[in-house]
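Read the structure below first, then the notes.
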Amino acid sequence: MHTRHKQKIVALTFLTLFGIGSSCQRGSLNHTSSAGVQFWLTNPDRSALFARQPGTLSFSSATNQNPTIAIDASQTFQSIDGFGYTLTGGSAMLLNRMDTKARAALLKELFATEGNSIGVSYLRISIGASDLDDRVFSYDDLPEGQTDEKLEKFSLNPDRTHLIPILKEILAINPTIKILGSPWSPPTWMKTNANSKGGSLKPAYYDAYAQYFVKYIRGMKEEGIRIDAITIQNEPLHPGNNPSLLMLPQDQATFIKQSLGPAFKQARIDTKIVLYDHNADRPDYPISILNDPDAKQYVDGSAFHLYAGPIDALTDVHKAHPDKNLYFTEQWIGAPGNLKGDLAWHVKTLIIGATRNWSRTVLEWNLAADPKQEPHTIGGCTQCLGAITLDGNAVTRNPAYYNIAVASKFVRPGSVRIQSNTSDALPNVAFKTPDGRKVLIVLNTKEVTQAFNVRDNGKLVSTALPAGSVGTYVW
(Lines give C-alpha, C1' and ligand atoms only; values in the text may rest on other atoms or scores of the structure.)
Protein backbone atom coordinates (compact mmCIF):
# COMPACT_ATOMS: atom_id res chain seq x y z
CA MET A 1 0.00 0.00 0.00
CA HIS A 2 1.11 3.53 -0.70
CA THR A 3 -1.36 5.32 1.59
CA ARG A 4 -0.67 7.38 4.72
CA HIS A 5 -1.01 5.74 8.13
CA LYS A 6 -4.26 7.59 8.81
CA GLN A 7 -5.79 6.25 5.61
CA LYS A 8 -4.80 2.74 6.65
CA ILE A 9 -6.59 3.14 9.97
CA VAL A 10 -9.75 4.39 8.25
CA ALA A 11 -9.71 1.49 5.81
CA LEU A 12 -9.12 -1.06 8.58
CA THR A 13 -11.91 0.42 10.68
CA PHE A 14 -14.37 0.17 7.79
CA LEU A 15 -13.39 -3.37 6.93
CA THR A 16 -13.54 -4.48 10.57
CA LEU A 17 -17.02 -2.98 11.00
CA PHE A 18 -18.34 -4.92 8.05
CA GLY A 19 -16.37 -8.06 8.78
CA ILE A 20 -14.73 -8.30 5.38
CA GLY A 21 -11.05 -8.23 6.29
CA SER A 22 -8.29 -5.89 5.20
CA SER A 23 -5.97 -7.91 3.00
CA CYS A 24 -4.32 -5.97 0.19
CA GLN A 25 -2.74 -9.08 -1.30
CA ARG A 26 -4.29 -10.77 -4.30
CA GLY A 27 -5.02 -14.28 -3.04
CA SER A 28 -5.40 -17.64 -4.71
CA LEU A 29 -8.67 -18.80 -6.20
CA ASN A 30 -10.30 -21.52 -4.15
CA HIS A 31 -13.45 -23.22 -5.43
CA THR A 32 -16.25 -22.00 -3.19
CA SER A 33 -19.28 -23.92 -2.02
CA SER A 34 -22.80 -22.62 -2.52
CA ALA A 35 -22.74 -21.48 1.12
CA GLY A 36 -19.85 -19.06 0.76
CA VAL A 37 -19.09 -16.01 -1.36
CA GLN A 38 -15.58 -14.83 -2.16
CA PHE A 39 -15.23 -11.05 -2.12
CA TRP A 40 -12.48 -9.26 -4.05
CA LEU A 41 -12.17 -5.53 -3.37
CA THR A 42 -10.67 -2.77 -5.54
CA ASN A 43 -10.44 0.64 -3.84
CA PRO A 44 -9.67 3.84 -5.76
CA ASP A 45 -7.42 5.01 -2.89
CA ARG A 46 -5.21 1.97 -3.67
CA SER A 47 -5.70 0.53 -0.15
CA ALA A 48 -7.00 -2.66 -1.76
CA LEU A 49 -6.05 -3.43 -5.35
CA PHE A 50 -8.15 -6.34 -6.53
CA ALA A 51 -7.58 -7.89 -3.09
CA ARG A 52 -9.20 -11.11 -1.91
CA GLN A 53 -10.87 -10.38 1.41
CA PRO A 54 -10.31 -13.01 4.14
CA GLY A 55 -12.94 -15.64 4.70
CA THR A 56 -16.22 -15.85 2.85
CA LEU A 57 -19.56 -14.11 3.07
CA SER A 58 -22.55 -16.33 3.86
CA PHE A 59 -26.05 -16.51 2.44
CA SER A 60 -28.82 -16.62 5.03
CA SER A 61 -32.56 -16.11 5.48
CA ALA A 62 -32.06 -12.86 7.44
CA THR A 63 -33.57 -9.69 5.96
CA ASN A 64 -32.86 -5.97 6.26
CA GLN A 65 -33.78 -2.66 4.66
CA ASN A 66 -30.66 -2.24 2.54
CA PRO A 67 -30.86 -2.17 -1.28
CA THR A 68 -30.83 -5.64 -2.82
CA ILE A 69 -29.30 -6.87 -6.06
CA ALA A 70 -31.39 -9.85 -7.15
CA ILE A 71 -29.74 -12.52 -9.31
CA ASP A 72 -31.87 -14.58 -11.70
CA ALA A 73 -29.82 -17.24 -13.47
CA SER A 74 -32.88 -18.43 -15.39
CA GLN A 75 -32.69 -15.28 -17.54
CA THR A 76 -29.63 -15.53 -19.78
CA PHE A 77 -28.12 -13.24 -22.39
CA GLN A 78 -24.92 -13.43 -24.48
CA SER A 79 -21.90 -15.65 -23.97
CA ILE A 80 -18.57 -14.04 -23.13
CA ASP A 81 -15.46 -14.51 -25.26
CA GLY A 82 -13.11 -12.69 -22.92
CA PHE A 83 -11.60 -9.58 -21.37
CA GLY A 84 -8.22 -8.12 -22.22
CA TYR A 85 -6.12 -5.64 -24.13
CA THR A 86 -4.57 -4.77 -27.44
CA LEU A 87 -1.12 -6.32 -27.59
CA THR A 88 0.38 -3.62 -29.79
CA GLY A 89 3.69 -4.08 -31.55
CA GLY A 90 5.14 -1.59 -29.10
CA SER A 91 3.81 -3.62 -26.16
CA ALA A 92 5.41 -6.76 -27.60
CA MET A 93 8.72 -4.94 -28.15
CA LEU A 94 8.87 -3.77 -24.52
CA LEU A 95 7.95 -7.23 -23.22
CA ASN A 96 10.52 -8.88 -25.46
CA ARG A 97 13.25 -6.59 -24.11
CA MET A 98 12.67 -7.72 -20.53
CA ASP A 99 14.92 -10.34 -18.98
CA THR A 100 13.57 -13.83 -19.63
CA LYS A 101 12.73 -14.56 -15.99
CA ALA A 102 11.03 -11.20 -15.37
CA ARG A 103 8.99 -11.48 -18.57
CA ALA A 104 7.90 -15.04 -17.75
CA ALA A 105 6.68 -13.94 -14.32
CA LEU A 106 4.77 -10.97 -15.76
CA LEU A 107 3.15 -12.98 -18.56
CA LYS A 108 2.07 -15.60 -16.03
CA GLU A 109 0.55 -12.87 -13.84
CA LEU A 110 -1.35 -11.48 -16.83
CA PHE A 111 -2.50 -14.62 -18.63
CA ALA A 112 -2.73 -17.45 -16.08
CA THR A 113 -5.60 -17.74 -13.60
CA GLU A 114 -4.05 -19.29 -10.49
CA GLY A 115 -2.52 -17.41 -7.57
CA ASN A 116 -2.18 -13.68 -8.15
CA SER A 117 -2.75 -13.98 -11.92
CA ILE A 118 -5.60 -11.99 -13.50
CA GLY A 119 -6.53 -14.33 -16.34
CA VAL A 120 -6.54 -12.08 -19.41
CA SER A 121 -8.49 -14.15 -21.94
CA TYR A 122 -8.71 -12.08 -25.14
CA LEU A 123 -6.18 -10.09 -27.16
CA ARG A 124 -6.43 -7.72 -30.07
CA ILE A 125 -3.39 -7.36 -32.30
CA SER A 126 -2.70 -5.19 -35.33
CA ILE A 127 -2.50 -6.62 -38.84
CA GLY A 128 0.59 -4.70 -39.92
CA ALA A 129 1.54 -1.70 -37.82
CA SER A 130 -0.74 0.23 -35.48
CA ASP A 131 0.09 3.73 -34.34
CA LEU A 132 1.68 2.17 -31.24
CA ASP A 133 4.42 0.45 -33.19
CA ASP A 134 7.85 2.06 -33.40
CA ARG A 135 7.43 2.48 -37.17
CA VAL A 136 4.84 2.13 -39.93
CA PHE A 137 4.86 -1.10 -41.95
CA SER A 138 2.64 -3.56 -43.81
CA TYR A 139 3.41 -7.12 -44.86
CA ASP A 140 3.93 -6.11 -48.49
CA ASP A 141 5.81 -2.81 -48.60
CA LEU A 142 7.18 -1.81 -51.98
CA PRO A 143 9.09 1.10 -53.52
CA GLU A 144 6.85 3.90 -54.73
CA GLY A 145 5.15 3.09 -58.02
CA GLN A 146 5.41 -0.70 -57.69
CA THR A 147 2.50 -3.10 -57.10
CA ASP A 148 2.22 -6.76 -56.13
CA GLU A 149 -1.30 -7.97 -56.91
CA LYS A 150 -0.29 -11.63 -56.49
CA LEU A 151 1.26 -10.80 -53.11
CA GLU A 152 4.47 -12.59 -54.03
CA LYS A 153 6.44 -10.38 -51.61
CA PHE A 154 4.02 -10.82 -48.69
CA SER A 155 5.91 -11.59 -45.46
CA LEU A 156 5.17 -11.65 -41.75
CA ASN A 157 8.83 -10.85 -41.03
CA PRO A 158 8.04 -7.46 -39.37
CA ASP A 159 6.19 -9.38 -36.63
CA ARG A 160 8.80 -12.09 -36.17
CA THR A 161 11.12 -9.96 -34.04
CA HIS A 162 8.74 -9.16 -31.16
CA LEU A 163 5.01 -9.88 -31.65
CA ILE A 164 5.09 -13.51 -32.77
CA PRO A 165 7.58 -14.64 -30.08
CA ILE A 166 5.53 -12.93 -27.34
CA LEU A 167 2.29 -14.45 -28.64
CA LYS A 168 3.90 -17.89 -28.52
CA GLU A 169 4.90 -17.35 -24.89
CA ILE A 170 1.34 -16.24 -24.07
CA LEU A 171 -0.15 -19.25 -25.87
CA ALA A 172 2.10 -21.54 -23.83
CA ILE A 173 0.41 -20.13 -20.71
CA ASN A 174 -3.14 -20.00 -22.14
CA PRO A 175 -3.49 -22.08 -25.33
CA THR A 176 -7.18 -21.15 -25.70
CA ILE A 177 -6.82 -17.36 -25.59
CA LYS A 178 -8.75 -15.74 -28.43
CA ILE A 179 -7.01 -13.31 -30.75
CA LEU A 180 -8.59 -10.59 -32.88
CA GLY A 181 -6.59 -9.04 -35.71
CA SER A 182 -7.29 -5.46 -36.89
CA PRO A 183 -5.52 -3.56 -39.70
CA TRP A 184 -4.76 0.15 -39.43
CA SER A 185 -3.90 0.41 -43.15
CA PRO A 186 -3.46 -1.77 -46.22
CA PRO A 187 -0.13 -1.61 -48.06
CA THR A 188 0.23 1.91 -49.43
CA TRP A 189 0.29 0.73 -53.05
CA MET A 190 -3.34 -0.40 -52.63
CA LYS A 191 -4.47 3.10 -51.51
CA THR A 192 -5.81 6.11 -53.37
CA ASN A 193 -3.18 8.41 -51.85
CA ALA A 194 -0.24 5.95 -51.77
CA ASN A 195 0.30 6.98 -48.13
CA SER A 196 0.08 5.17 -44.80
CA LYS A 197 -2.12 7.96 -43.42
CA GLY A 198 -5.65 8.35 -44.77
CA GLY A 199 -6.75 7.62 -48.30
CA SER A 200 -9.09 4.80 -49.30
CA LEU A 201 -8.69 1.28 -50.64
CA LYS A 202 -8.73 1.26 -54.44
CA PRO A 203 -11.55 -0.97 -55.73
CA ALA A 204 -9.08 -2.47 -58.19
CA TYR A 205 -7.25 -4.01 -55.21
CA TYR A 206 -10.27 -5.36 -53.29
CA ASP A 207 -9.48 -8.93 -54.33
CA ALA A 208 -5.77 -8.53 -53.60
CA TYR A 209 -6.54 -7.14 -50.16
CA ALA A 210 -8.89 -10.03 -49.45
CA GLN A 211 -6.03 -12.42 -50.26
CA TYR A 212 -3.79 -10.34 -47.97
CA PHE A 213 -6.12 -11.30 -45.08
CA VAL A 214 -6.06 -14.95 -46.20
CA LYS A 215 -2.26 -14.98 -46.30
CA TYR A 216 -2.09 -13.32 -42.90
CA ILE A 217 -4.40 -15.84 -41.24
CA ARG A 218 -2.65 -18.79 -42.86
CA GLY A 219 0.78 -17.40 -42.04
CA MET A 220 -0.11 -16.92 -38.39
CA LYS A 221 -1.59 -20.43 -38.28
CA GLU A 222 1.74 -21.79 -39.52
CA GLU A 223 3.31 -20.07 -36.53
CA GLY A 224 0.85 -21.84 -34.23
CA ILE A 225 -1.24 -18.69 -33.74
CA ARG A 226 -4.94 -18.98 -34.53
CA ILE A 227 -6.69 -15.74 -35.44
CA ASP A 228 -10.22 -16.15 -34.08
CA ALA A 229 -11.61 -12.99 -35.72
CA ILE A 230 -10.62 -10.00 -37.81
CA THR A 231 -12.07 -6.56 -38.12
CA ILE A 232 -11.80 -5.12 -41.62
CA GLN A 233 -10.47 -1.72 -40.56
CA ASN A 234 -9.60 -0.06 -37.28
CA GLU A 235 -11.62 3.17 -36.94
CA PRO A 236 -12.70 3.36 -40.61
CA LEU A 237 -14.09 6.89 -40.14
CA HIS A 238 -10.83 8.27 -38.67
CA PRO A 239 -8.32 8.74 -41.51
CA GLY A 240 -6.18 11.19 -39.51
CA ASN A 241 -4.12 8.63 -37.59
CA ASN A 242 -0.83 7.17 -38.81
CA PRO A 243 -1.40 4.56 -40.14
CA SER A 244 -5.10 4.81 -41.05
CA LEU A 245 -7.67 4.37 -43.83
CA LEU A 246 -11.03 5.89 -44.68
CA MET A 247 -13.55 3.14 -45.42
CA LEU A 248 -17.18 4.23 -45.76
CA PRO A 249 -19.95 1.75 -44.92
CA GLN A 250 -20.95 1.19 -48.55
CA ASP A 251 -17.31 0.43 -49.39
CA GLN A 252 -16.98 -2.01 -46.50
CA ALA A 253 -20.17 -3.76 -47.62
CA THR A 254 -18.91 -4.09 -51.19
CA PHE A 255 -15.50 -5.33 -50.05
CA ILE A 256 -17.12 -8.02 -47.87
CA LYS A 257 -19.65 -9.36 -50.33
CA GLN A 258 -17.54 -9.16 -53.48
CA SER A 259 -14.05 -10.00 -52.20
CA LEU A 260 -13.40 -10.86 -48.55
CA GLY A 261 -16.35 -13.16 -47.88
CA PRO A 262 -15.89 -15.22 -51.06
CA ALA A 263 -12.12 -15.38 -50.49
CA PHE A 264 -12.59 -16.75 -46.97
CA LYS A 265 -15.18 -19.23 -48.22
CA GLN A 266 -12.96 -20.47 -51.01
CA ALA A 267 -9.94 -20.77 -48.72
CA ARG A 268 -12.06 -22.45 -46.01
CA ILE A 269 -11.08 -19.78 -43.51
CA ASP A 270 -13.25 -19.98 -40.38
CA THR A 271 -11.91 -16.76 -38.85
CA LYS A 272 -14.84 -14.49 -38.01
CA ILE A 273 -15.41 -11.31 -40.03
CA VAL A 274 -16.35 -8.40 -37.76
CA LEU A 275 -17.64 -5.04 -39.01
CA TYR A 276 -16.94 -1.42 -38.19
CA ASP A 277 -14.52 -1.29 -35.16
CA HIS A 278 -15.25 2.35 -34.36
CA ASN A 279 -17.34 4.64 -32.16
CA ALA A 280 -20.84 4.03 -30.84
CA ASP A 281 -22.14 7.29 -32.34
CA ARG A 282 -22.58 5.55 -35.70
CA PRO A 283 -24.60 2.35 -35.17
CA ASP A 284 -25.99 3.00 -38.65
CA TYR A 285 -22.61 1.97 -40.10
CA PRO A 286 -22.81 -1.74 -39.15
CA ILE A 287 -26.61 -1.85 -39.41
CA SER A 288 -26.51 -0.63 -43.02
CA ILE A 289 -24.08 -3.42 -43.94
CA LEU A 290 -26.03 -6.09 -42.06
CA ASN A 291 -29.17 -4.93 -43.90
CA ASP A 292 -27.52 -6.19 -47.10
CA PRO A 293 -28.06 -9.97 -47.10
CA ASP A 294 -25.26 -10.51 -49.62
CA ALA A 295 -22.79 -9.00 -47.13
CA LYS A 296 -24.48 -10.22 -43.94
CA GLN A 297 -24.05 -13.89 -44.82
CA TYR A 298 -20.29 -13.57 -44.27
CA VAL A 299 -20.40 -11.45 -41.10
CA ASP A 300 -20.18 -12.63 -37.48
CA GLY A 301 -20.88 -9.27 -35.85
CA SER A 302 -19.83 -5.68 -35.16
CA ALA A 303 -17.14 -4.06 -33.02
CA PHE A 304 -17.21 -0.76 -31.14
CA HIS A 305 -15.07 1.86 -29.42
CA LEU A 306 -16.49 4.60 -27.19
CA TYR A 307 -14.70 7.85 -27.93
CA ALA A 308 -18.10 9.12 -29.07
CA GLY A 309 -21.69 7.96 -28.63
CA PRO A 310 -23.51 6.06 -25.85
CA ILE A 311 -22.73 2.47 -24.89
CA ASP A 312 -26.41 1.50 -25.27
CA ALA A 313 -26.06 2.06 -29.02
CA LEU A 314 -24.77 -1.53 -29.03
CA THR A 315 -28.25 -2.67 -28.05
CA ASP A 316 -29.66 -0.77 -31.05
CA VAL A 317 -27.46 -2.91 -33.31
CA HIS A 318 -28.48 -6.05 -31.41
CA LYS A 319 -32.16 -5.25 -31.82
CA ALA A 320 -31.72 -4.64 -35.55
CA HIS A 321 -29.81 -7.91 -36.04
CA PRO A 322 -30.13 -10.13 -32.95
CA ASP A 323 -28.51 -13.05 -34.79
CA LYS A 324 -25.17 -11.20 -34.99
CA ASN A 325 -22.60 -10.72 -32.23
CA LEU A 326 -21.22 -7.57 -30.63
CA TYR A 327 -17.71 -6.83 -29.42
CA PHE A 328 -16.15 -3.96 -27.51
CA THR A 329 -12.61 -3.68 -28.82
CA GLU A 330 -10.92 -0.47 -27.68
CA GLN A 331 -10.87 2.28 -25.07
CA TRP A 332 -7.81 4.28 -24.05
CA ILE A 333 -6.74 5.95 -20.81
CA GLY A 334 -4.71 9.15 -21.14
CA ALA A 335 -1.45 9.43 -19.22
CA PRO A 336 -0.78 9.76 -16.34
CA GLY A 337 -4.09 8.10 -15.40
CA ASN A 338 -6.31 8.57 -12.35
CA LEU A 339 -7.44 5.37 -10.66
CA LYS A 340 -10.45 6.97 -8.96
CA GLY A 341 -11.93 8.37 -12.16
CA ASP A 342 -10.66 5.71 -14.54
CA LEU A 343 -11.82 2.75 -12.42
CA ALA A 344 -15.32 4.15 -11.94
CA TRP A 345 -15.88 5.20 -15.56
CA HIS A 346 -14.43 2.11 -17.22
CA VAL A 347 -16.08 -0.40 -14.90
CA LYS A 348 -19.45 1.32 -15.07
CA THR A 349 -19.43 2.06 -18.79
CA LEU A 350 -17.51 -0.91 -20.21
CA ILE A 351 -17.17 -3.88 -17.86
CA ILE A 352 -20.79 -3.40 -16.77
CA GLY A 353 -22.20 -1.21 -19.55
CA ALA A 354 -20.82 -2.99 -22.61
CA THR A 355 -21.70 -6.46 -21.33
CA ARG A 356 -25.21 -5.32 -20.32
CA ASN A 357 -25.52 -4.15 -23.94
CA TRP A 358 -24.68 -7.54 -25.46
CA SER A 359 -20.91 -7.27 -25.91
CA ARG A 360 -18.97 -10.54 -25.80
CA THR A 361 -15.66 -8.77 -25.07
CA VAL A 362 -14.25 -5.75 -23.28
CA LEU A 363 -10.78 -4.74 -24.45
CA GLU A 364 -8.70 -1.81 -23.25
CA TRP A 365 -6.06 0.06 -25.23
CA ASN A 366 -3.24 -0.88 -24.77
CA LEU A 367 -1.28 -3.51 -22.86
CA ALA A 368 2.07 -1.77 -22.31
CA ALA A 369 4.05 1.41 -22.91
CA ASP A 370 7.25 2.83 -21.45
CA PRO A 371 7.40 5.76 -18.97
CA LYS A 372 7.26 8.24 -21.88
CA GLN A 373 4.19 6.49 -23.44
CA GLU A 374 6.40 5.16 -26.23
CA PRO A 375 6.84 3.62 -28.71
CA HIS A 376 4.48 5.17 -31.23
CA THR A 377 4.63 6.11 -34.89
CA ILE A 378 5.19 9.67 -36.06
CA GLY A 379 1.67 11.04 -35.81
CA GLY A 380 0.52 8.22 -33.52
CA CYS A 381 -0.86 8.48 -29.98
CA THR A 382 1.56 10.24 -27.64
CA GLN A 383 -0.46 9.97 -24.40
CA CYS A 384 -1.81 6.41 -24.47
CA LEU A 385 -1.20 4.94 -21.02
CA GLY A 386 -0.64 1.19 -21.02
CA ALA A 387 -2.34 -1.16 -18.61
CA ILE A 388 1.22 -1.58 -17.42
CA THR A 389 4.21 0.71 -17.71
CA LEU A 390 7.45 -1.13 -18.44
CA ASP A 391 10.76 0.49 -17.59
CA GLY A 392 13.13 -2.34 -18.41
CA ASN A 393 12.09 -5.07 -15.96
CA ALA A 394 10.24 -2.65 -13.65
CA VAL A 395 6.45 -3.01 -13.87
CA THR A 396 3.89 -0.38 -12.85
CA ARG A 397 0.25 -1.51 -12.83
CA ASN A 398 -2.00 1.27 -14.12
CA PRO A 399 -5.81 1.74 -14.00
CA ALA A 400 -6.58 -0.44 -17.06
CA TYR A 401 -4.86 -3.37 -15.34
CA TYR A 402 -7.45 -3.28 -12.57
CA ASN A 403 -10.37 -2.36 -14.85
CA ILE A 404 -9.90 -5.66 -16.67
CA ALA A 405 -8.81 -7.75 -13.67
CA VAL A 406 -12.10 -7.26 -11.82
CA ALA A 407 -13.77 -9.32 -14.57
CA SER A 408 -11.11 -11.35 -16.40
CA LYS A 409 -9.97 -13.59 -13.55
CA PHE A 410 -13.39 -15.07 -12.86
CA VAL A 411 -15.65 -14.36 -15.86
CA ARG A 412 -13.97 -16.95 -18.01
CA PRO A 413 -14.67 -17.51 -21.73
CA GLY A 414 -17.95 -19.34 -22.16
CA SER A 415 -19.54 -17.58 -19.21
CA VAL A 416 -23.06 -16.31 -19.84
CA ARG A 417 -24.46 -13.03 -18.63
CA ILE A 418 -27.46 -13.55 -16.35
CA GLN A 419 -30.14 -11.19 -15.07
CA SER A 420 -29.48 -8.82 -12.19
CA ASN A 421 -31.37 -5.65 -11.31
CA THR A 422 -29.24 -2.54 -11.43
CA SER A 423 -29.36 1.07 -10.19
CA ASP A 424 -27.48 4.35 -10.54
CA ALA A 425 -25.99 3.93 -7.08
CA LEU A 426 -24.96 0.27 -7.49
CA PRO A 427 -24.45 -0.50 -11.20
CA ASN A 428 -23.64 -4.18 -11.63
CA VAL A 429 -23.51 -7.15 -13.97
CA ALA A 430 -23.76 -10.88 -13.23
CA PHE A 431 -22.52 -14.00 -14.99
CA LYS A 432 -22.70 -17.77 -14.72
CA THR A 433 -19.37 -19.41 -15.49
CA PRO A 434 -18.75 -22.67 -17.39
CA ASP A 435 -18.04 -24.48 -14.09
CA GLY A 436 -21.39 -23.39 -12.63
CA ARG A 437 -20.29 -20.56 -10.37
CA LYS A 438 -21.77 -17.07 -10.37
CA VAL A 439 -19.84 -13.82 -10.56
CA LEU A 440 -21.25 -10.40 -9.67
CA ILE A 441 -19.34 -7.18 -10.36
CA VAL A 442 -20.63 -4.12 -8.47
CA LEU A 443 -19.53 -0.47 -8.42
CA ASN A 444 -20.40 1.94 -5.62
CA THR A 445 -20.92 5.28 -7.38
CA LYS A 446 -21.63 7.20 -4.18
CA GLU A 447 -19.17 9.27 -2.15
CA VAL A 448 -20.01 7.25 0.97
CA THR A 449 -19.93 3.58 1.92
CA GLN A 450 -22.95 1.62 0.71
CA ALA A 451 -24.30 -1.45 2.45
CA PHE A 452 -26.42 -3.74 0.27
CA ASN A 453 -27.58 -7.31 -0.22
CA VAL A 454 -27.20 -9.89 -2.94
CA ARG A 455 -30.14 -12.27 -3.32
CA ASP A 456 -29.83 -15.62 -5.05
CA ASN A 457 -32.18 -18.61 -4.79
CA GLY A 458 -34.21 -16.90 -2.07
CA LYS A 459 -31.25 -16.29 0.25
CA LEU A 460 -29.45 -13.02 1.04
CA VAL A 461 -25.82 -12.17 1.60
CA SER A 462 -25.08 -8.76 3.16
CA THR A 463 -22.02 -6.77 2.17
CA ALA A 464 -20.74 -3.21 1.72
CA LEU A 465 -18.48 -1.23 -0.60
CA PRO A 466 -16.47 1.88 0.24
CA ALA A 467 -17.01 5.01 -1.85
CA GLY A 468 -16.01 4.51 -5.49
CA SER A 469 -14.96 0.91 -4.96
CA VAL A 470 -15.55 -2.18 -7.08
CA GLY A 471 -16.53 -5.52 -5.62
CA THR A 472 -16.15 -8.83 -7.44
CA TYR A 473 -18.27 -11.50 -5.76
CA VAL A 474 -17.83 -15.19 -6.62
CA TRP A 475 -19.90 -18.14 -5.40
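The values are calculated or read from the model by the stated rules, or taken from the named source; none is laboratory data. It should be emphasised that the depicted structure is a prediction, and the values quoted were computed from it without experimental measurement. Here the Cβ is made from the backbone with ideal geometry for all residues, glycine too, and neighbour counts use every protein chain on show. To get the accessible areas, we keep the full protein, side chains included, count just its heavy atoms, and leave off ligands, DNA and RNA. Shrake-Rupley method; radii C 1.70, N 1.55, O 1.52, S 1.80 Å.
Using only side-chain charges placed at the Cβ, +1 for Lys and Arg and -1 for Asp and Glu, the dipole size of segment 137-184 relative to its Cα centre rounds to 360 debye. Counting only DSSP beta bridges with both residues in segment 21-178, the antiparallel share comes to about 50 percent.
Distance between the C-alpha centers of segment 302-333 and segment 253-290? Whole Å please. Here the answer is 15 Å between Cα centres.
Each residue of segment 132-144 is assigned a 3J(HN,Hα), and the resulting list reads 10, 9, 7, 7, 8, 7, 10, 8, 8, 7, 9, x, 3 Hz, derived from the Karplus form 6.51 cos²θ - 1.76 cosθ + 1.60 (θ = phi - 60°), x at Gly and Pro. Placing unit charges on the Cβ atoms of the charged side chains and taking the dipole of segment 244-334 about its Cα centre, the candidate lying farthest along the positive direction among 245, 334, 258 is 258. Assuming a ≥ b ≥ c are the square roots of the Cα gyration tensor eigenvalues, decide whether segment 268-314 counts as rounded (a/c under 1.5), prolate (otherwise, with a/b larger than b/c) or oblate. Here segment 268-314 falls in the oblate category. Apolar share of the accessible surface for segment 214-288: 46 percent from carbon plus sulfur atoms, 1.4 Å probe.
Radius of gyration (Cα atoms) of segment 362-475, expressed as a multiple of 2.2 N^0.38 Å: 1.33. Among beta bridges identified by DSSP and lying wholly in segment 312-441, the antiparallel ones come to about 70 percent.
Calculated mean residue ellipticity, 222 nm, the chain: -7000 deg cm²/dmol, from DSSP H runs (n ≥ 4) at -39500 (n - 2.57) each, averaged per residue and rounded to 500. For residue 174, the shell of other residues with beta-carbons less than 14 Å away shows a net charge of +1, using +1 for Lys and Arg and -1 for Asp and Glu.
Cross-link partners for residue 324 among the aspartates and glutamates, with Cα-Cα distance under 15 Å and sequence neighbours closer than 8 places in the same chain left out: 81, 277, 284, 292, 294, 300, 316.
Note on the chain: antiparallel DSSP beta bridges, both residues inside, total approximately 55 percent of the bridges counted. Straight-line cross-link partners of residue 221 among the lysines, defined as a Cα under 16 Å from its Cα and at least 8 positions apart when in the same chain: 168, 178, 272. Taking GluC sites (Glu not before Pro) as exposed when their DSSP state is a loop state and no more than 10 other Cβ atoms lie within 10 Å, the longest site-free interval of the chain runs over 153-446. On a per residue basis, the convex hull of the C-alpha atoms belonging to the chain measures out at 134 Å³.
Rolling a 1.4 Å probe over the heavy atoms of the protein chains gives the chain an accessible area of 39 Å² per residue.
Normalising the Debye intensity of segment 181-249 to I(0), with uniform scatterers on Cα atoms only, and taking log10 at q = 0.11, 0.15, 0.29 Å⁻¹ returns -0.26, -0.48, -1.27. Equivalent-ellipsoid semi-axes for segment 79-237 (Cα gyration tensor, √(5λ), whole Å, largest first): 31, 16, 14.
Ordering of 82-90, 188-196 by packing is 82-90, 188-196, highest average first (other Cβ atoms within 10 Å, averaged per residue).
What translational diffusion coefficient, in µm²/s and rounded to a whole number, does the Stokes-Einstein relation yield for segment 201-317 at 4 °C and a viscosity of 1.567 mPa s, taking the hydrodynamic radius as the Kirkwood radius over Cα pairs? Answer, rounded: 88 µm²/s.
Scalar couplings 3J(HN,Hα) for segment 365-378, obtained by applying the Karplus form with A = 6.51, B = -1.76, C = 1.60 to θ = phi - 60°, are 10, 10, 6, 8, 9, 8, x, 9, 6, 10, x, 7, 6, 5 Hz; x denotes Gly and Pro.
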